[in-house]
């Protein structure tokens, strides 16, 4: 009986060892194609876009005051008319950003403003649709209206190529500095001298 037990135990051990070897053979994998995984900055990604984009603008506001002096109606009370006109001229220091194609084929890029934002009323994408060839960079030009104020503009960049596409959402900071100057023009229509 002891011999039978030993034989059964030996058979069980051999069967277990055989199963373990079979399981091991299924868990070993050999990689034939090597690939490199890297973490890159936004500028060096497959579709390269600057990490931080800031549009800087100077809003030159000129207030023109036109003062027309008339004869006094009552002694010591000046009689005049004041008309003020404002002119605004927005100048952009930096109104573009660059998209670089780091993919090994041409890409078609569309840039547009994200829906449902107030900034759509005074920010315009002028070069929204373009083809960027492999290794090239192109500028996206934005224009802003005179009514623009400091804000964050949400831009969507959609890129497509043979076999793939990407949608990138980007925030652009708009910094507007307002410079006000006042010009005065006095028209004296008084027939008598008086102080103003």
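The values are calculated or read from the model by the stated rules, or taken from the named source; none is laboratory data. The model shown is predicted, which means the values in this text are computed figures rather than measured ones. Cβ placement follows ideal geometry from the backbone for every residue including glycine, while neighbour counts extend to all protein chains displayed.
Key figures for this structure:
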quantity	calculated
Only one of 65, 95 that is surrounded by 10 or more Cβ atoms within 10 Å (Cβ to Cβ), in contact with a strand residue (DSSP E or B) (Cβ under 9 Å, 6 or more places away or on another chain) and at pLDDT below 75	95
Meets criteria (farther than 30 Å from residue 177 by Cα, surrounded by 10 or more Cβ atoms within 10 Å (Cβ to Cβ) and either at pLDDT below 80 or under 15 Å from the mean Cα position of the chain (by Cα) (or both)) for residue 78	yes
Filter pass, residue 180 being in a strand (DSSP E or B) and under 19 Å from the mean Cα position of the chain (by Cα)	no
Single match in 25, 16 (criterion: in a helix (DSSP H, G or I), over 49 Å from the mean Cα position of the chain (by Cα) and modelled with pLDDT under 60)	25
Counted residues, the range 149-164 - those being part of a strand (DSSP E or B) and farther than 18 Å from residue 42 by Cβ	4
Search result, residues across the range 127-176 that are touching a helix residue (DSSP H, G or I) at 6+ places or on another chain (Cβ under 7 Å) and either exposed (fewer than 14 other Cβ atoms within 10 Å of the Cβ) or in contact (Cβ under 8 Å) with a residue 40 or more places away in the chain (or both)	153
Qualifying position, being under 26 Å from residue 85 (Cα atoms), at pLDDT 85 or above and part of a strand (DSSP E or B), among 143, 175, 139, 185	175
Boolean, residue 55 is within 18 Å of residue 169 (Cα to Cα), touching a residue at least 60 places away in the same chain (Cβ under 8 Å) and assigned to a strand (DSSP E or B)	yes
